Amino acid sequence: VSRTGGCFSDVAHALRASLEKQIESLISGLDEMENSGDSSQTWRAREPRCLHFFPTQMSHPVTLVYLLPPLWPLSLSNEVVDPDFGLEKARRKYHVLCGLPADRPALRVANVAVMRSTARARPSDPPGSSVRRLRDVHSLSPGLPNSHVFPSGTAHLVRGKYDYYHYAQDGVDDAGWGCAYRSLQTICSWFRLNGYTHIPIPSHRDIQSTLVAMGDKPPAFLDSNSWIGAIELSYFLDEKYGVGSKIMTVASGLDLPQKARELAKHFDEIGTPVMMGGGQLAYTLLGVEWCEKTGECAFLILDPHYTGGEDVSAIVPRWCGWKKAQDVFVSQFYNLLMPQPPRGV
């Protein structure tokens, strides 16, 4: 207080004004819940919570009052509980007040800022995970070496945070069959870390059990070492996250540079990681660097086949880096899964 020349009465006045605003926000939330059309009135069991957000578009944090399920955040382990139910109208209002984009979430429960003093496991880690996964590997120091297209090309990169999932994490020996599962986990981490869902990252068994329950796979598929591809990933994302996907196909992986314009548009407008499956191998694509004049293209590959520890120096650029098509892909049919996040707040 002394540094700003104020006094205790100024602090008390500011605190009183802040509390009044929070109470007004709580009353508004109660009114919205009461008019939500929930005939079971389960919202009455919810509890008011002050949540802190720090959107990347803002230079300061924002505190909002939401009515959340009892025992939150422990209740988030139950996929049936949707902490964002009935709050969309309030979020739209707050997005307008804060000047935030109207096509992607910034103030959902999954967007809550994690304070250093209270941080434990990362929010994208599966329950019981013992691995401290690397986040946004391609942007970690010392950075990626330039691609063969640099400086004539333009880079089009994944938008938003993600965690790096790869072979042998969490004590699962999935070398030789689990690369598509790991790519899916990386994609799911993107949806969770960027506020689209509160659902925990699925394990291999979660993925398999979902495909069996849908009728896509027989019961014997559960707990097997069976490979999956882009089509199965699209089924899973639709079933568990309500996320649709586009599937790009090429007759040969060596033809992928011909799809550079379409991939660049995906990263510029959508921004999700892309799963690439072909020749019994799967990769995660984080971006393309493309020169429109020459047609040259480099692919930013995040390789799930890595089996070592979470060491950036061991991963970049061998397992995360710019690659030529002929250095990674084979002359076989490829499907590319391009998840399409729902638009809205």
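The values are calculated or read from the model by the stated rules, or taken from the named source; none is laboratory data. All figures in this text were calculated on a predicted structure; none of them were measured in a lab. Note that we place each Cβ from the backbone using ideal geometry, even for glycine, and neighbour counts take in every protein chain shown. Calculation scope for accessible area: heavy atoms of the full protein, side chains included, ligands and nucleic acids excluded. Shrake-Rupley method; radii C 1.70, N 1.55, O 1.52, S 1.80 Å.
Note on the stretch 217-242: residues that are surrounded by 16 or more Cβ atoms within 10 Å (Cβ to Cβ) and either of a type in the set (D, E, K, R) or on the phi > 0 side of the Ramachandran plot (or both) total 3.
Only one of the numbered conditions (1) in contact with a strand residue (DSSP E or B) (Cβ under 7 Å, 6 or more places away or on another chain); (2) over 16 Å from Leu256 (Cα atoms) is violated by Glu310, and that is (1). Name the single residue, out of those in the stretch 44-64 being farther than 20 Å from Leu19 by Cβ and of a type outside the set (D, E, K, R), that is least open to solvent (accessible area, probe 1.4 Å). Going through the qualifying residues, I end up with Pro55.
A search for C-beta distances below 9 Å between a residue of the stretch 79-106 that is over 16 Å from Arg192 (Cα atoms) and open to solvent by less than 70 Å² (accessible area, probe 1.4 Å) and any residue that is in a helix (DSSP H, G or I) and among the aliphatic types (A, V, I, L, M), counting only pairs 6+ apart in sequence or on different chains, returns Gly86/Met33; Leu87/Met33; Leu87/Val109.
Regarding the stretch 319-335, can at least one residue be identified that is open to solvent by less than 20 Å² (accessible area, probe 1.4 Å), hydroxyl-bearing (Ser, Thr, Tyr) and either without any contact (Cβ under 8 Å) to a residue 60 or more places away in the chain or in contact with a Leu (Cβ under 9 Å, 6 or more places away or on another chain) (or both)? Yes, some residue in the stretch 319-335 is open to solvent by less than 20 Å² (accessible area, probe 1.4 Å), hydroxyl-bearing (Ser, Thr, Tyr) and either without any contact (Cβ under 8 Å) to a residue 60 or more places away in the chain or in contact with a Leu (Cβ under 9 Å, 6 or more places away or on another chain) (or both).
Under 6 Å between Cβ atoms, at least 6 apart or on separate chains: pull out the pairs that start in the stretch 306-318 with a residue that is over 15 Å from Val172 (Cβ atoms) and end on any residue that is assigned to a loop (DSSP other than H, G, I, E, B) and of a type outside the set (A, V, I, L, M, F, W, C). Short answer, once both residue conditions are applied: Ala314/Gly308; Pro317/Pro145. Residues being modelled with pLDDT of 95 or more, surrounded by 15 or more Cβ atoms within 10 Å (Cβ to Cβ) and not in a strand (DSSP E or B) are represented in the stretch 120-134 by at least one member.
Counted as qualifying within the stretch 251-345 are the strands (runs of 3 or more DSSP E) with 1 or more residues that are within 24 Å of Leu237 (Cβ to Cβ) and of a type in the set (Phe, Trp, Tyr), namely 281-290, 297-302, 334-340. In the stretch 243-269, of all residues being hydroxyl-bearing (Ser, Thr, Tyr) and in contact with a Ser or Thr (Cβ under 9 Å, 6 or more places away or on another chain), the one that is surrounded by the fewest Cβ atoms within 10 Å (Cβ to Cβ) corresponds to Ser252.
Somewhere in the stretch 164-178, is a residue aliphatic (A, V, I, L, M) and either touching a Lys or Arg at 6+ places or on another chain (Cβ under 9 Å) or surrounded by 24 or more Cβ atoms within 10 Å (Cβ to Cβ) (or both)?
Within the stretch 164-178, the subset aliphatic (A, V, I, L, M) is 168, 172, 175.
Next, only the ones that are either touching a Lys or Arg at 6+ places or on another chain (Cβ under 9 Å) or surrounded by 24 or more Cβ atoms within 10 Å (Cβ to Cβ) (or both) stay: none.
No, there is no match, as no residue in the stretch 164-178 is aliphatic (A, V, I, L, M) and either touching a Lys or Arg at 6+ places or on another chain (Cβ under 9 Å) or surrounded by 24 or more Cβ atoms within 10 Å (Cβ to Cβ) (or both).
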